[in-house]
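Here's the structure we're looking at; comments come further down.
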Amino acid sequence: MSLNVTLELSGGAELLFNKIKKHDVNLPDRNKKWNMRSFLPWIRDNLLQERPELFMQGDTVRPGILVLVNDADWELMGELDYELQDKDRIVFISTLHGG
């Protein structure tokens with residue numbers, strides 16, 4: 001069974017994704033459940049258009065990007081270990097702005 005997840009980007013993060021602020025994502029079936037640890041590289045490899053170093057650092061999002069899972073801070077949801085559910089809404093907000 002595949003998962004349908006809504007991915008939203010704002011605060012400048014959308015600039016790395018061809019200026020598209022909302023993506024309806026259908027994640028393919030896999031043997032293991034999808035969590036944020038596996039979702040981030042999938043986003044990088046399938047949706048990110050440029051400069052992955054501005055989105056990810058190591059296996060997580062880079063500092064300065066706020067992540068919300070269904071409107072809650074992902075730090076409260078287990079961060080990388082959060083297990084994605086069908087119809088989840090994941091929001092990435094960049095708090096880094098050039099001057």
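Tabulated results
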| quantity | calculated |
| --- | --- |
| Qualifying residue in region 22-30 (condition: more than 14 Å from the chain's Cα centre (by Cα), charged (D, E, K, R) and surrounded by fewer than 13 Cβ atoms within 10 Å (Cβ to Cβ)) | yes |
| Set 14, 79: member being out of contact with any Phe, Trp or Tyr (no Cβ under 6 Å at 6 or more places or on another chain), open to solvent by less than 90 Å² (accessible area, probe 1.4 Å), acidic (Asp, Glu) and under 23 Å from residue 2 (Cα atoms) | 79 |
| Enumeration of residues in region 1-48 that are touching a residue at least 60 places away in the same chain (Cβ under 8 Å) and not in a loop (DSSP other than H, G, I, E, B) | 3, 4, 5, 6, 7, 8, 9, 10, 13 |
| Number of positions in region 50-76 that are assigned to a helix (DSSP H, G or I) and surrounded by fewer than 16 Cβ atoms within 10 Å (Cβ to Cβ) | 4 |
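The values are calculated or read from the model by the stated rules, or taken from the named source; none is laboratory data. Fair warning: this is a prediction, and the values are worked out from it, not measured in the lab. Neighbour counts are summed over all protein chains in view; Cβ atoms, including those assigned to glycine, are modelled from backbone coordinates with ideal geometry. Only protein heavy atoms, including side chains, enter the accessible area calculation; ligands, DNA and RNA are left aside. Shrake-Rupley method; radii C 1.70, N 1.55, O 1.52, S 1.80 Å.
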